[in-house]
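See below for the structure under consideration.
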Amino acid sequence: MTIPAQPYPLTGRSFKSLEKEYPLNDPLQKAIIDQILQSHCDTPGGLMVILNEIQSRIGFVSQPIQEYVARVLNTPVSAIHGVITFYSFFTTEPRGERILKFCMGTACYVGGTPQLVDKATQLLGVSPGQTTPDGKITVEVCRCVGACSQAPVVVVDEQMYGRIRPSKMPALIRDVLKSCEDASGG
Amino acid sequence: MPLVHSLDELVHLQKKILEDRRADISAHSIEGLGREKFAAPALRADQELDAPRGKEIRVVLRNCNLIDPESLDDYIGEEGYQALATVLSSMSPEEVIEIISKSGLRGRGGACFPTGRKWQLTRNSAGSPKYIICNADEGDPGAFMNRRVLEGDPHSVLEGMAIGAYAIGASRGFVYCRAEYPIAVRTLNLAIQQARAYGLLGENVLNSGFAFDVEVRMGAGAFVCGEETALIASIEGRRGEPRPRPPFPAVTGLWGKPTCINNVETFANVPQIIMTGADWFAGMGTEKSKGTKTFALAGDVNHTGLIEVPLGITLREIVYDVGEGIKKKKELKAIQTGGPMGGCLPASMVDLPVDYESLMAAGSIMGSGGMIVMDEDTCMVDIARFFMEFIQEESCGKCTPCRVGTHSMLEILTRICRGEGVDGDIAKLERLSKLTRTHSLCGLGQGAPNPVDSTLKHFREEYEAHIYRKECPAKVCRELIRYEIIAETCNGCTVCAKNCPIGAIAGERRKLHVIDQETCVRCGICIQTCNFGAILALTGDQTAPVMAQSQDPI
Ligand SMILES: Cc1cc2nc3c(=O)[nH]c(=O)nc-3n(C[C@H](O)[C@H](O)[C@H](O)COP(=O)(O)O)c2cc1C
Ligand code: FES
């Protein structure tokens with residue numbers, strides 16, 4: 001079957017108008033996205049690979065990015081939006097510098113994650129799914145991260161902390177905030 | 001230039017590696033500890049995987065913690081890739097399938113389908129190319145066996161896949177790994193590169209004319225993608241929604257071609273079956289369930305972590321010998337096996353042998369190997385609600401029975417946990433569970449009622465306590481309990497007041513503390529932090545006078 005050049009009516013925005021929007025208006029970010037698209041656009045089933053890479057390198061897949069990818073791959077935005085909304089790993093908004101994830105897997109749930117979340121909510125003033133107003137920390141709850149013998153587990157970016165008690169939360173959050181500052185300072 | 005061209009060269013290389021290692025050990029005079037200097041890259045390595053205890057046998061995990069997962073030489077030193085070389089040089093695909101069938105190996109991913117038969121079916125299907133997929137989307141909360149194998153011994157999985165590919169006639173393979181396992185993905189990618197460089201993967205594997213290459217694809221956080229047809233949709237770059245079977249993937253799979261999907265652990269067993277023989281493997285386990293199984297032992301046992309036991313072992317042996325008993329000398333209450341689609345087995349069934357059939361008959365499943373041990377402080381209604389919440393969130397929404405059924409069941413369970421259960425709820429749950437089980441499209445919906453059914457069967461009185469007496473016997477459900485400080489025991493250390501997240505505890509140093517029941521959200525932090533056991537949880541009648549005046553803020 002040959003694919004017509006324009007299989008679906010694309011009423012989406014043009015490249016030009018998309019390039020005015022964040023993050024595509026940032027040449028650095030756009031270069032990353034272009035590179036990802038270039039290296040995977042011919043891979044069969046490459047959409048998942050592309051979105052995964054964008055998510056991990058840009059940090060989110062916002063509406064303009066979705067439209068841009070759709071344009072380049074010549075697929076309807078709805079197909080991409082469908083994939084994005086199906087998988088919980090994709091986010092459409094930028095998240096904080098550090099991501100504080102609380103494992104809500106069985107072992108951790110039984111091990112006391114709900115109490116940890118309460119404590120963090122109290123300390124940071126944001127509930128799961130939200131980012132602190134200064135854009136530093138995003139609090140999330142997640143599925144089992146596979147370290148159940150260490151329950152309850154808190155994951156900061158990719159680093160795991162096991163056997164966290166509510167009393168350890170203030171110190172942990174202080175460390176995370178400090179590492180934010182170190183990163184921006186250095 | 002690839003490094004290895006034949007079985008002989010591989011054996012030769014192994015000898016050389018072993019000699020080098022011996023020389024290395026004596027040079028550093030580390031007495032016999034040469035192998036243990038390699039810790040796996042995961043930071044939790046030692047706590048997850050200890051020396052074998054009780055009846056443990058290491059087959060799938062034999063190399064974990066012993067070899068450096070980032071070194072192919074280490075793997076070759078342990079007879080690595082010799083099974084593949086043997087297969088390629090002296091066996092026909094039919095012979096391979098014959099051996100695997102004879103060994104009695106059954107899928108370790110949950111469906112327990114005989115692996116030999118699956119390979120035969122895929123081999124017999126018309127259509128080419130064929131694909132082989134390794135299912136590493138270990139989504140069950142509480143399970144991490146596959147991750148550990150991928151991080152600790154990635155080559156054994158690749159070797160198993162290559163043998164499988166040869167048997168079914170595939171030349172491309174995919175490993176579908178969940179996004180939560182970045183280290184596993186990294187280790188695997190490195191392993192694939194190394195294997196290519198050695199000529200163990202690629203256009204001409206071991207100079208035999210057999211071509212096989214593997215690619216890692218990452219999931220993005222959807223549990224249902226562990227289901228084989230959903231997994232295929234996800235690799236194809238679509239929403240991971242399952243489709244009705246038949247046609248099975250063995251006939252119409254990835255891009256419409258015959259595809260064989262097996263679990264990580266299934267593949268990791270294959271090289272050793274080839275090397276040691278089908279009879280050796282069939283010698284372990286029971287009549288119908290052969291070999292060993294890895295479990296992620298978690299929950300309230302003294303020794304949590306990864307274990308590998310011969311099938312047919314009893315739960316008692318796992319909990320008390322391998323797991324070394326229940327924490328804090330409490331009572332065993334239940335054992336949950338099989339992940340969210342599994343069931344809870346009560347302490348009275350602790351002598352049940354762990355094999356596919358026995359677990360199924362008891363209302364649970366083997367699943368991919370999560371095993372959570374729960375002590376007396378666990379509320380079974382809450383556990384059922386927890387699993388239902390998981391399934392309801394992960395239900396992809398494609399078929400109505402699963403989407404609506406899980407939602408309705410969750411609603412009822414939540415109500416019961418809140419103390420708003422009414423007469424007839426149990427009957428409703430039973431009816432919904434039957435409908436969801438029989439009408440759902442994929443294994444997710446079909447298995448969703450398991451936690452509810454099994455807890456209803458074995459712990460019905462707890463449901464009744466929640467519904468009719470508004471009491472949570474395990475003192476877990478927040479709306480049904482109340483915390484109280486015992487005046488005689490409290491010495492006023494202020495720890496509870498400091499730790500209370502909402503400041504509901506008042507009291508001065510060295511004076512009796514009091515919990516303000518109006519503000520208390522019953523998070524239970526105080527009871528955990530009190531070093532003197534001065535805080536008491538009350539439920540049911542005991543809370544009645546207070547329940548009346550404090551309508552709960554949550
Ligand atoms: C909802 C659902 C989730 C599943 N998750 C997994 C999984 O995480 N890992 C896995 O190997 N199999 C999983 N399976 C089973 C697969 O569909 C399939 O049976 C299995 O990968 C086949 O491999 P095996 O023959 O080696 O067991 C799941 C099935 C269902 C219905
Ligand atoms: S349940 Fe938290 S790591 Fe598994």
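The values are calculated or read from the model by the stated rules, or taken from the named source; none is laboratory data. All values derive from a computational prediction rather than experimental measurement. Note that each Cβ is placed from the backbone with ideal geometry, even for glycine, and that neighbours are counted across all protein chains shown.
The residues of segment B:507-534 that are aliphatic (A, V, I, L, M) and away from chain A (no Cβ under 14 Å), listed by number, are B:512, B:514, B:515, B:534.
Within segment B:233-248, residues that are within 7 Å of another protein chain (Cβ to nearest Cβ) and free of Cβ contacts under 8 Å to residues at least 40 places away in the same chain sit with their Cβ atoms under 6 Å from residues that are buried (at least 17 other Cβ atoms within 10 Å of the Cβ) and in a loop (DSSP other than H, G, I, E, B), at 6+ positions apart or across chains, in these pairs: B:236/A:45; B:237/A:45. Looking across B:419, B:447, one residue alone is buried (at least 19 other Cβ atoms within 10 Å of the Cβ), within 28 Å of the chain's Cα centre (by Cα) and among the small types (Gly, Ala, Ser). It is B:447. Regarding segment B:211-222, can at least one residue be identified that is modelled with pLDDT under 90, away from ligand 2 (no atom under 16 Å from the Cβ) and more than 14 Å from chain A (Cβ to nearest Cβ)? Checking segment B:211-222: not a single residue is modelled with pLDDT under 90, away from ligand 2 (no atom under 16 Å from the Cβ) and more than 14 Å from chain A (Cβ to nearest Cβ). The set of residues in segment B:110-126 being of a type in the set (A, V, I, L, M) and in a helix (DSSP H, G or I) consists of B:121 alone. Looking at segment A:58-111 only, could you name the residues that are over 24 Å from residue A:131 (Cβ atoms), among the β-branched types (Val, Ile, Thr) and not in a helix (DSSP H, G or I)? Listed by number, the list holds a single entry, A:75. Filter segment B:249-264 down to residues that are touching a strand residue (DSSP E or B) at 6+ places or on another chain (Cβ under 6 Å) and in a helix (DSSP H, G or I) and give me whichever is nearest to the other protein chains (Cβ to nearest Cβ). Among residues in segment B:249-264 that are touching a strand residue (DSSP E or B) at 6+ places or on another chain (Cβ under 6 Å) and in a helix (DSSP H, G or I), the one nearest to the other protein chains (Cβ to nearest Cβ) is B:254.
Here residue B:300 meets the list (1) more than 26 Å from residue B:391 (Cβ to Cβ); (2) among the acidic types (Asp, Glu); (3) buried (at least 24 other Cβ atoms within 10 Å of the Cβ) almost entirely, failing just condition (1). If only residues of segment A:12-39 that are closer than 21 Å to residue A:76 by Cα and hydrophobic (A, V, I, L, M, F, W, C) are counted, the one that is farthest from the chain's Cα centre (by Cα) is A:15. Scanning segment B:5-15 for residues that are within 23 Å of residue B:204 (Cβ to Cβ) and either of a type outside the set (S, T, N, Q) or free of Cβ contacts under 8 Å to residues at least 40 places away in the same chain (or both) yields B:5, B:7, B:8, B:9, B:10, B:11, B:12, B:13. Being within 16 Å of ligand 1 (Cβ to nearest atom) and more than 28 Å from residue B:298 (Cα to Cα) narrows it down to one of A:86, A:90, so name that one. The match here is A:86. Does residue B:185 qualify as being touching a Cys at 6+ places or on another chain (Cβ under 9 Å) and away from ligand 1 (no atom under 15 Å from the Cβ)? Considered against the rule, which asks whether it is touching a Cys at 6+ places or on another chain (Cβ under 9 Å) and away from ligand 1 (no atom under 15 Å from the Cβ), residue B:185 comes out as yes.
Applying the criterion of being under 20 Å from residue B:391 (Cα atoms) and aliphatic (A, V, I, L, M) to the residues of segment A:111-146, the residue that is surrounded by the fewest Cβ atoms within 10 Å (Cβ to Cβ) is A:141.
For residue A:44, the conditions (1) touching a residue at least 12 places away in the same chain (Cβ under 8 Å); (2) within 13 Å of chain B (Cβ to nearest Cβ); (3) more than 30 Å from residue B:301 (Cα to Cα); (4) not hydroxyl-bearing (Ser, Thr, Tyr) all hold with the exception of (1). In segment B:290-303, the count of residues that are out of contact with any Ser or Thr (no Cβ under 8 Å at 6 or more places or on another chain), closer than 21 Å to residue B:57 by Cβ, basic (Lys, Arg) and part of a helix (DSSP H, G or I) is zero. Filtered by the rule that a residue be surrounded by 15 or more Cβ atoms within 10 Å (Cβ to Cβ) and of a type in the set (D, E, K, R), segment B:483-512 gives a lone residue, B:484.
Has segment B:95-106 got any residue that is under 19 Å from residue B:443 (Cβ atoms) and either touching a residue at least 40 places away in the same chain (Cβ under 8 Å) or assigned to a strand (DSSP E or B) (or both)? Checked against the condition, which is being under 19 Å from residue B:443 (Cβ atoms) and either touching a residue at least 40 places away in the same chain (Cβ under 8 Å) or assigned to a strand (DSSP E or B) (or both), segment B:95-106 yields at least one hit.
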